[in-house]
Amino acid sequence: MENTDDPTNGKVAKQLLCFFFPMLLTNLLQQVYSFADSAIVDKGLGDNALGAVGNLSSLILLIIGFSTGLTNGFSVIIAQKYGAKQQTALRRAIALSVKLSAILTVILTIAGCLLLKPILLIMQTDKLILRDSLLYGYIIFGGLAATIAYNLCSGILRAFSDSKTPFIAIMVSSALNIALDYILIFLLHTGVEGAAIATVFSQVVSAFICFKKIKKSDMISLTSEDYHNDSAMYLELLKNAVPMACTNSVIAVGCMIVQGYINGVGVSYTSAYSACSKYLNLSILPSITAGASLSAFVSQNYGAGKIDRIRKGVRVCIAISLVSYILLGSVMYFFPKTLAGFMLNEEETIALAVQYLKICGAMLFLVNFLFVFRNSVQGMGYPFIPMCSGIMEMFLRIPVIMLFLSSIGFRTAAYAEAIAWVGALAMNFAAYVIRIRKINREVRL
């Protein structure tokens, strides 16, 4: 893991952008794969198959999002130790993160497989797509070890300012994934299980690439002593990671409830919502990446006690989010029918998607700024407020769907998103301002 640039010194904008772009390409490749996967499933198997796969998005976010939150939380502590140049604590943090991730893998794999069918039934999954949703879900959750291994390894690499290796890993695995999708669905006619198998196998490859890079590194040379139990380090890791994991899961629960109400209307709503979710995830990608880059940068500089660099980093990421809003928000707002037509076949379903895309395109700046301030607060080692903001999102999103879906229609889902973003953004922005002011007072004393 060669690292010639010290993230706690030098030009903030240059360092953040050099870290941001490989991460953006990594995330973009993941989204390109996701779109290609959905397009192959839809064109090869039909709208119902796409609905079956998309119906699982909230549940996958719940399980995988929880694991991602934990591994991201671990990487924040690792980055702080790296920024503070505490080598012994750094090695111990990495070693115990590996142990905790192994335990997490076993628990989440069992829980995911056991709870899959009951949750899909609670979500009012239509009988037309239930079997395919189950089949896809069992394979994805069965291969959860590969996902967690990749998230942990890539998090460790990014804590050391290496965003290039995860990019290479995703570039290879995405190409492999798309190729396997095509072979399994169009040539071997496997159904949705083919898409799931391709996803898991490709994730194994990406995890292996990142692991090999870590193993070759001179910066991480772990010994058996580093794996010895350390209650103080366990507490530090979990105190930061659990709230981040809960943030993702709480948001996912809210999305699952929304998905349940949408499923109750019919398969056309389910398919439209699945397609819209893909486009929304793509449109917020630069801001998600800016937030993730900022989290590592803030963690490193917080560990080094350089608060002024944190403020400069936040300003850089706000600028990235504004540019992203102008470009991608405009595409969603002005070309919703073209976007919907790429993913969907039925005119009724396309018309529904157009409503959602226009509203979310106009309001995209809210969620863009949310990612910046949420990650800055998390990077300073204060994940409780972001967790509370996730709870707020859930309690703002659900009543809107419950009260207005039947009267206003599908666009209610977009209004629910925008209202949830407003509440969460306000909370995280306030937390950021208060925390920075408090640190400044402590420095003066």
Odd one out for residue 201, checked against (1) more than 27 Å from residue 75 (Cα to Cα); (2) without any contact (Cβ under 8 Å) to a residue 60 or more places away in the chain: (1)
Looking only at residues that are buried (at least 20 other Cβ atoms within 10 Å of the Cβ) and under 24 Å from the mean Cα position of the chain (by Cα) in the stretch 345-358, which one is nearest to residue 13 (Cα to Cα)? 357
Within the stretch 365-414, the residues that are surrounded by fewer than 19 Cβ atoms within 10 Å (Cβ to Cβ), of a type outside the set (A, V, I, L, M) and part of a helix (DSSP H, G or I) are 365, 384, 388, 395, 399, 404, 406, 407
Look at the stretch 69-87 and say how many of its residues are surrounded by fewer than 23 Cβ atoms within 10 Å (Cβ to Cβ) and either closer than 15 Å to residue 305 by Cα or at pLDDT 85 or above (or both). 3
Which number in (1) under 19 Å from the mean Cα position of the chain (by Cα); (2) within 20 Å of residue 36 (Cβ to Cβ); (3) of a type outside the set (Gly, Ala, Ser); (4) at pLDDT below 90 marks the one condition that residue 342 misses? (1)
From the list 104, 108, 180, exactly one residue is crowded, with 17+ Cβ neighbours inside 10 Å, modelled with pLDDT of 85 or more and more than 22 Å from the chain's Cα centre (by Cα). Which is it? 180
Checking the conditions here, which among 313, 305, 291 is among the small types (Gly, Ala, Ser), outside any helix (DSSP H, G or I) and closer than 25 Å to residue 72 by Cα? 305
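Quick grid of which residues meet (1) of a type in the set (S, T, N, Q); (2) in contact with a helix residue (DSSP H, G or I) (Cβ under 8 Å, 6 or more places away or on another chain); (3) over 24 Å from residue 97 (Cα atoms); (4) modelled with pLDDT of 85 or more:
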{"residue": "207", "(1), (2), (3), (4)": "no, yes, no, yes"}
{"residue": "214", "(1), (2), (3), (4)": "no, yes, no, yes"}
{"residue": "231", "(1), (2), (3), (4)": "yes, no, no, yes"}
{"residue": "241", "(1), (2), (3), (4)": "no, yes, no, yes"}
{"residue": "249", "(1), (2), (3), (4)": "yes, yes, no, no"}
{"residue": "272", "(1), (2), (3), (4)": "no, yes, yes, yes"}
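When only residues in the stretch 180-221 that are in a loop (DSSP other than H, G, I, E, B) and of a type in the set (A, V, I, L, M) count, which is farthest from residue 26 (Cα to Cα)?
Once the filter is applied, the top-ranked residue is 188.
The values are calculated or read from the model by the stated rules, or taken from the named source; none is laboratory data. Predicted, not measured: the structure shown is a model, and the values here were computed from it. When we count neighbours, we look across all protein chains shown, and the Cβ atoms used for this are built from the backbone with ideal geometry, even at glycine.
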